[in-house]
Amino acid sequence: MPVTLPEELLPGQVIARLHGVTLADGTSAGIRVIDGRIADPGGTLTVVPGIGTEPEIDVDATGWMLLPPAADLHAHIDKAYTWSMFGEPEGSLEDAVACWQQHGASLREEQIAANARRQLGAALRAGVTAMRTHVNYHEGADPLRGIRAVLEARDDYRGLVDVQVVAMHGQLIDDALIRDAIGLGVDLIGAAPHLSETPRAEIHRAAAFAESAGIGIDLHTDENLDPDSLDLIDLAHRTADWPAHMTRSAGHCVSLAVQPPARLAAALDAAAEAGVSIITNPLTNLYLQGWQHPVAMPRAIPPLNAILDAGVVLAAGGDNVQDPFNPLGNGDMVDVAAALVLAGHLSPRRAWQVVAAGRGLLGLPPATGAVGDVADGILVRATSVAEALAERAPDRIVVRDGRVVATRSFHSVSVPLQERSEMRV
Ligand SMILES: [Zn+2]
């Protein structure tokens, strides 16, 4: 069988073997793919059934890594690409919420669906094959149009990006609308208790709806720098007796960044004991928090190593994409992982583990490159996770079930060897 270079791969092609690829743990491996799964390299090669009619490809992946695929566990694809449309606003979380309330009614269902599809496409090309997105009850008439639009966009990306939808209510949304959203088929109940006048009541309302529908919750939690904001503990107590399969996630948890050590430890113990996972969203939090601190601005990122050391499952999200909450968001989890290192002080390898961990929270099977795992991942031209994150992995090949589903690469005019060495001097 002729050998192909990774940069020659095209979407739709099925990979049979990866020679000389480096895994995230730094080991080098020859990988064989059978029936969409990583197989024993010594086994007999069989035809991949049901995946496509394209010929299988043998790839020389020397100098490339296979990273576990990224999971974006906190997105808002119903808000994406609205920043310039809404007047290029700047400011804090409260300013962004006010901007959304002022302009949100102007968004039509088709526009929301188009923006959501655009973000899903960008996510796939970046290597995101699993996503959990929050969706608002939209301003103006027909508040459920955002949820319908996102469910429609999700259908278009079925088999490419696995999407969970969280219907996120505010204090003023009435119970009947929440029941209607559940009827549309949302996966989880969401809310933002810290923005309400009665946070504890909001946690209990969200939990009660989840229980009646037999689904879970993912709440925006303590998204502020107030040490007295510890909704995480109330969330943990309220859901501690839920069965393991019922999701309870806390997004943001910014106020953990300003807790005294003993209070931090108590909050993390409660979360670990109750099985509450934490989703950190460093880019949006760096942007939205700290506007009231002209000097000594806090980083607004919860203590990530302490969360992991406490045994709490930690995942990460890209959060906002070019909307009033983050004008520069792009949903690329490589950028998010870099922020987890630079601002959150995780090691590069641990940062990518956090970015990949969201798969498990969506109930998806492991994809680590080990024998028996699904053959999903991102091929990047790098020799270590640190190098991939430092250079933001410009060349990427996204693989699902052994099949190439997206590629991107950078090209330039070739520079003669002699000139190259002079340029280095
Ligand atoms: Zn959010």
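Annotations for the structure displayed:
- Number of residues in segment 220-244 that are within 13 Å of Ser277 (Cβ to Cβ) and away from the ligand (no atom under 16 Å from the Cβ) equals 4.
- Residue, farthest from the ligand (Cβ to nearest atom), within segment 157-178, restricted to residues that are in contact with a helix residue (DSSP H, G or I) (Cβ under 6 Å, 6 or more places away or on another chain) and within 25 Å of Pro11 (Cα to Cα): Leu160
- For segment 282-327, a residue qualifies if it is closer than 22 Å to Gly121 by Cβ and assigned to a helix (DSSP H, G or I), and the qualifying residues are Leu283, Thr284.
The rows are residues; the columns are (1) within 18 Å of the chain's Cα centre (by Cα); (2) at pLDDT 95 or above.
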site	(1), (2)
Leu362	yes, yes
Val404	no, yes
Val413	no, no
Pro416	no, no
Glu419	no, no
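- In segment 189-219, the residues that are over 21 Å from Glu273 (Cα atoms) and either aliphatic (A, V, I, L, M) or not assigned by TED's automatic domain parsing to the domain that holds Asn281 (or both): Ile189, Ala191, Ala192, Leu195, Ala201, Ala213
- Count of residues meeting criterion [of a type outside the set (Asp, Glu), within 16 Å of the ligand (Cβ to nearest atom) and part of a loop (DSSP other than H, G, I, E, B)] in segment 179-193: 2
- Any chance Asn330 is under 13 Å from Asn281 (Cα atoms), within 16 Å of the ligand (Cβ to nearest atom) and surrounded by fewer than 24 Cβ atoms within 10 Å (Cβ to Cβ): yes
- Boolean, Ala266 is more than 16 Å from the ligand (Cβ to nearest atom), assigned by TED's automatic domain parsing to the domain that holds Ala339, within 14 Å of Pro227 (Cα to Cα) and modelled with pLDDT of 95 or more: yes
- One residue stands out in segment 41-60 among those that are in contact with a Lys or Arg (Cβ under 9 Å, 6 or more places away or on another chain) and not in a strand (DSSP E or B): the one that is modelled with the highest pLDDT, namely Pro41.
The values are calculated or read from the model by the stated rules, or taken from the named source; none is laboratory data. None of the values given here were measured: they were computed from a predicted structure. No Cβ is skipped: glycine too gets one built from the backbone with ideal geometry, and neighbour counts run over all protein chains shown.
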